Amino acid sequence: EEESHITDFAFPFEGPFGRYDTAQLQRGLAIYNSVCSSCHGMELVYFRNLTEPTGPDMPADMITELASNYYVPDDGLEAMVGDERPATLSDTFPGSQLAGAPDMSLLAKARAGFHGPYGTGISPLINGIGGPEYIASILTGYTGEEKVEAGITFYGNTAFPGGWIAMAPPLYGDDIEHADHAPTDLESEATDVAAFLMWAAEPKLNQRKAFGLTAVLFLGLLTVLLYLTNKKLWYNVK
Ligand code: HEM
């Protein structure tokens, strides 16, 4: 069995000072919307979340428009079982459209690209768990080989565990044109959509890192003050 290969792509949200890049999240959303959402769902993400300033920070009117292209179950008083209506800002993305295509809401946190030495926790502390790297590595990891087993087509992939994935390559490069004319080579598209899925799985990353930094600075200051207090209190005792 081939060992799966995860590329350590650099993302702007890595490290203690890392933050999401709004423009990258917007590009990732565009790719998710035009390519991935035809099979995958994202049932834990509300359309209104896409307007959050620490996320894709999209204008509400554009997201209202985008949401209206998705259909969700209609639970209105007049609705019959099975009726659907266009989604609004207060709905979530629909579930997966294709059986077997996993929901993407938490995928970037539910998969590990890097596996550190067990027990110490040092590797994930420094390198993260590699969820977005895993996603981008799958999207860029197709070998071009195909095989059919039990009527299902599998595609050779160097990142997917086992080496064969039942998802045809969803991206080839130049699959989309970005409003900001950012590069659309395969690797750029893969890392953009992986960054967007990381935001979906961890929307409070910016706040968490800002708070963590404040906490560490505060604890450092407290250490100094307590040291001086201790010196002053015990100055005449050995
Ligand atoms: C699996 C991402 C588009 C169908 C996966 C996995 C990832 C992924 C990361 C592996 C999930 C896991 O570890 O469990 C994406 C992204 C897409 C995209 C980012 C858009 C750029 C699509 C499309 C289809 C599709 C358009 C359908 C035509 C599937 C299926 C699986 C899968 C069926 C399960 C494969 C298996 O278990 O062997 N996708 N996908 N995906 N995807 Fe996609």
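The values are calculated or read from the model by the stated rules, or taken from the named source; none is laboratory data. It should be emphasised that the depicted structure is a prediction, and the values quoted were computed from it without experimental measurement. Quick reminder, even Gly has a Cβ in these numbers, built from the backbone with ideal geometry, and neighbours come from all protein chains shown. With ligands, DNA and RNA removed, areas are computed over all heavy atoms of the protein, side chains included. Shrake-Rupley method; radii C 1.70, N 1.55, O 1.52, S 1.80 Å.
General observations
- Length added when fully stretched, His115-Ala215, from 0.36 nm per residue minus Cα-Cα: 33.2 nm
- Annotation note: GluC sites (Glu not before Pro) in the range 62-140 located in DSSP loop regions with a Cβ neighbour count of at most 10 within 10 Å are Glu78.
- Distance from the range 99-120 to the range 1-55 (C-alpha centre basis), Å: 14
- Here the contact order of the range 87-182, divided by its residue count and restricted to Cα pairs under 8 Å and six or more residues apart, works out to 15 percent.
- Exposure ranking of Leu222, Leu228 by accessible area [1.4 Å probe, largest first]: Leu228, Leu222
- Per residue, the convex hull spanned by the Cα atoms of the chain amounts to 199 cubic angstrom.
- Full extension of the chain between Arg19 and Leu125 gives 36.5 nm of extra length, using 0.36 nm per residue less the Cα-Cα distance.
- Each Lys or Arg adds one and each Asp or Glu takes one away; over the other residues whose Cβ falls under 9 Å from the Cβ of Gly130, this sums to -1.
- Computed over the range 1-99, relative contact order equals 29 percent, with contacts defined as Cα pairs under 8 Å that lie 6+ residues apart.
- Label-point separation, Glu187 to Ala99 (7 Å along Cα→Cβ), nm: 3.9
- Overall dimensions of the range 1-80, expressed as equivalent-ellipsoid semi-axes from the Cα gyration tensor (√(5λ), whole Å, largest first), are 30, 20, 11.
- For the range 87-105, there are no residues whose amide N sits under 18 Å from a probe point set 7 Å from the Cα of Met80 along the beta carbon direction.
- The GluC sites (Glu not before Pro) of the range 159-213 that meet both conditions, a loop assignment by DSSP and at most 16 other Cβ atoms within 10 Å of the site Cβ, are Glu177.
- Among the chymotrypsin sites (Phe, Trp or Tyr not before Pro) within the range 12-41, those in coil by DSSP and having at most 12 neighbouring Cβ atoms inside 10 Å are Phe17.
- Here, the range 1-138 has an Rg and a Dmax of 17.8, 57 Å when only alpha carbons are counted.
- Projecting the alpha carbon convex hull of the range 78-217 along each direction and taking the average yields 14.1 nm².
- When each of the peptides 209-221, 91-103 is scored by the mean number of other C-beta atoms lying within 10 Å of its residues, the order from highest to lowest reads 91-103, 209-221.
- Span-like helix ranges in the chain, DSSP H, alpha carbon extent 27 angstrom or more, Kyte mean at least 0.5: 205-233
- Here the extension length gained between Val224 and Thr88 equals 43.7 nm, from 0.36 nm per residue of separation less the Cα-Cα distance.
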